[in-house]
Each structure stands twice: as structure tokens, then as C-alpha cells.
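Below is a structure I'd like to ask you about.
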Amino acid sequence: MKRFLGGIFGGATTDDSGVAALYAAIVARGREPHWYLAGAVPDTMDGRFDMIAAILSLVLLRLEADPAAAPASVALTETFIEDMDAQLRQSGIGDVGLGKYVGQMVSMLGGRLGAYREGLAAGDLRTPLLRNLYRGVDPGAAALRHVAEALSDFAARLAEQPSPVIIAGMLA
């Protein structure tokens, strides 16, 4: 919570949680060109947010399967919030409206966690991807298939990795 409040009030934060490499790996994975080219994810601020949130969601879902990874999962979520706070500030949103926007992003992440959890359990990410990644705009069958298969494969590879390897930022 201290890190979250520090981010909101502009205080310096440090990564004493050990998840900086993991968060950097998630962001790098979310910025891979194939999502935007073959997957037709909009290459916009919202599209990049949605893609990073999808990758982050799958990592958080994997970490929640391991009770020993709970502290890292919390720290990873806080790191995401701090990054979104900084991105909003950089885009010109002032302190007055910042809390509202950060709250919306946290809520969006929570909704995505639930939707992707259900999609993975059902073995089909297409419906949650249409709603959350593409925001209701059908990107076409090939693009949707590309992203759904790539994320499903990613989730399967994460399931095979030990939590400490994931936490260290070595994503499958």
C-alpha cells in the first residue's frame, strides 16, 4: 500500500519486491509486434494497455495457483498500478482526476482476471478477448485465432514453469 500511495502522491518508489524484471518482461511481451500485426490489436494507448493487461492477467492467474507466490503477485499488481499512475501523469492527467483513472484501471484489471480465468477454464479465450482486448470490435477470425492461440500457449507454458523462475522475469 505504501508503494501505491507513494505513486499517487508522487513519492519515489523503489522495487524492493524483486518483481521489476518480471514486470519488464510482461511489458516487453505485450509490446511484441505480432500482437498488433497478425493479431490486429489496435496500436494505440488503449490497445497497448489491453495487451499488457492480458499478459499480466495470465501471469497473475499462474501465480495465484501457488500460495508461496502471493507476495510477488501483490507486488506485481502494485508495480502495474505505479506504472499506470506514471503513464497517466505523463499523458497530462493531473492529481485531481488521477485517482479516478487509476481506480478504473484497477477495476479493468480485476474484470480481465475473472474473464480470462473463465476463458482458460473453458478452453476458449475468444469471448473474453473480444470483450476485453478488442473492446467489442471483431478483428476478424484469423487475428482473433492468432491472439487466442498465442495467449493459450503462453498460459500453458507458464503452468509448467516454477514460480521462482516466473518471478525472476523468465517468462516461457
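Give me the residue from the range 134-163 that is on the phi > 0 side of the Ramachandran plot and touching a residue at least 40 places away in the same chain (Cβ under 8 Å) and, out of that set, least open to solvent (accessible area, probe 1.4 Å). Even if it seems obvious, please write down each step before you answer.
At the first step, the residues of the range 134-163 found to be on the phi > 0 side of the Ramachandran plot are 135-136, 140.
After this cut, where a residue has to be touching a residue at least 40 places away in the same chain (Cβ under 8 Å) as well, the list is 135, 140.
Details: R135: 108, G140: 27 Å².
Within the range 134-163, the match that is least open to solvent (accessible area, probe 1.4 Å) is G140.
Here is a follow-up. Please enumerate the residues belonging to the range 116-172 that are in a loop (DSSP other than H, G, I, E, B), in contact with a Leu (Cβ under 9 Å, 6 or more places away or on another chain) and within 24 Å of L22 (Cα to Cα).
Applying the first criterion (in a loop (DSSP other than H, G, I, E, B)) to the range 116-172 yields 123-125, 134-140, 161-162, 168-172.
Next cut, in contact with a Leu (Cβ under 9 Å, 6 or more places away or on another chain) only: 125, 134, 136-139, 161, 168-172.
Of everything in the range 116-172, those that are in a loop (DSSP other than H, G, I, E, B), in contact with a Leu (Cβ under 9 Å, 6 or more places away or on another chain) and within 24 Å of L22 (Cα to Cα) turn out to be L125, Q161, A168, G169, M170, L171, A172.
Please work out which one of (1) farther than 17 Å from I55 by Cβ; (2) modelled with pLDDT of 95 or more is the condition G103 fails and give its number.
(2)
Give the range 40-51 a look and list any residue that's closer than 21 Å to R117 by Cβ and at pLDDT 95 or above, or say none.
Correct list: V41, M51.
The values are calculated or read from the model by the stated rules, or taken from the named source; none is laboratory data. Model, not experiment: these values are computed from the prediction. Neighbour counts run over all protein chains shown; Cβ positions are idealised from the backbone, glycine included. Surface areas here come from the heavy atoms of the whole protein model, side chains and all, with no ligands, DNA or RNA. Shrake-Rupley method; radii C 1.70, N 1.55, O 1.52, S 1.80 Å.
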